[in-house]
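Please read the structure below before turning to the comments.
Here, each number is a calculation from the coordinates, and none is a lab measurement. Keep in mind the model is a prediction, meaning the values are calculated, not measured. Note that we place each Cβ from the backbone using ideal geometry, even for glycine, and neighbour counts take in every protein chain shown.
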Amino acid sequence: MLKIGNYNTLKVIKMLDFGAYLDGGDGKEILLPLRYVPAGLQPGDELEVFIYHDNEGRLIATTLRPKATVGEFQFMKVKSVNHTGAFLDWGLMKDLLVPYREQKLKMHEGRWYLVYVHLDHVTGRIVASARIEKFLGNIPPRYRQNEEVGLLVADETEIGYRVIVNNAHWGMIYRNETFQRLEKGEHLKGFVKEIRDDDKIDVSLTPLGYQKVDSLAPLVLQALETNHGFLPVHDKSDPDQIYALFRCSKKAFKQTIGTLYKQHRIILEPDGIRLAGEE
């Protein structure tokens, strides 16, 4: 089934001077304009394309990759505003409309906004909404503790960073557990700590407990090998120095080097750590 507003792998039906027609199923032929046709493309070949509507409302294909697909949140910049609404730069020839009814506050040209991309239930066309709350928390959060999830940084608060988890739920990364500056619109990976009673999710940027040790140990050993068997960092080092090297908290680093020491794989010295057997 054709997925409008997303990527589809379609077969080439025929080649013409102005592009290629792709098989959209149910008798639909979808044009891939000539500017996007890869060299050597032939009838019968399959190609991954993004499907959306052109200015006339016809389905059209492109090999360009938009900044967000249907079902995703993203920060985008307003290119223009008219009587219909605001038009966002989403990386395609045709800008993405945010109708006035989908704006929390009036949008202004040149500014960036967090929006959700979806199919309008009336027109069937791809639009965006700045009323993001209505698209979050609509399904129960069924995550396991320590499960890896995708995050989008939405806002900064006094206690930390509000994030969108897997394009479906609100989450929080607490400031006292963050060892780097996060920016609005940044995409990163995180790990589920806890699902609260209000179905919001506490998230960590590093795995929890000793799974964290398992993921950090190879990084520490590789760094030691790269630096001739010695690193001038230890359990008394500044947390910022540890984070700069390993992108982890001081607690996680201490657990890791403690485990490696017990395994006789490293030696603890007053000014750093050394690979066992290195002089």
The chain: antiparallel DSSP beta bridges as a percent of all, rounded to 5: 95
Say the cut-off is 24 Å between C-alpha atoms; which of K134/K184; K77/K106; K106/K200; K67/K184 go over it? K106/K200
How much net charge surrounds E102 when only other residues with a Cβ under 15 Å from its Cβ are counted (Lys, Arg +1; Asp, Glu -1)? +3
Computed over the chain, the relative contact order (Cα-Cα under 8 Å, seq sep at least six) in percent reads 10
Which one is right for this structure if log10 I(q)/I(0) by the Debye sum over Cα atoms at q = 0.07, 0.10, 0.11, 0.15 Å⁻¹ is calculated from it: [x] -0.41, -0.72, -0.81, -1.06; [y] -0.23, -0.49, -0.59, -1.15; [z] -0.29, -0.56, -0.67, -1.14? [x]
Can you pull the semi-axes for region 148-204, root of five times each eigenvalue of the Cα gyration tensor, sorted largest first, whole Å? 15, 13, 10
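So which trypsin sites (Lys or Arg not before Pro) in region 108-153 pass both tests, a DSSP loop state and at most 15 other Cβ atoms within 10 Å of the Cβ?
R111, R125, R131, R142, R144
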How big is region 7-62 by Rg and Dmax over its Cα atoms, in Å? 10.2, 29
Once the convex hull of the C-alpha atoms of region 1-139 is built, how many Å³ does it hold per residue, rounded to a whole number? 124
Let me make sure I get this right: for region 209-275, a, b and c are the square roots of the gyration tensor eigenvalues over alpha carbons, sorted descending. Under 1.5 in a/c it's rounded, otherwise prolate if a/b > b/c, else oblate. Which is it? rounded
Check the straight Cα-Cα distances from K262 and name the lysines below 16 Å, setting aside those fewer than 8 residues away within the same chain. K254
Output needed for region 164-279: three equivalent-ellipsoid semi-axes, defined as square roots of 5 times the C-alpha gyration tensor eigenvalues, in descending order, whole Å. 32, 14, 12
Under a straight-distance cross-link criterion of Cα-Cα below 13 Å, which aspartates and glutamates are reachable from K251, leaving out those fewer than 8 residues away in the same chain? E177, D235, D238, D240
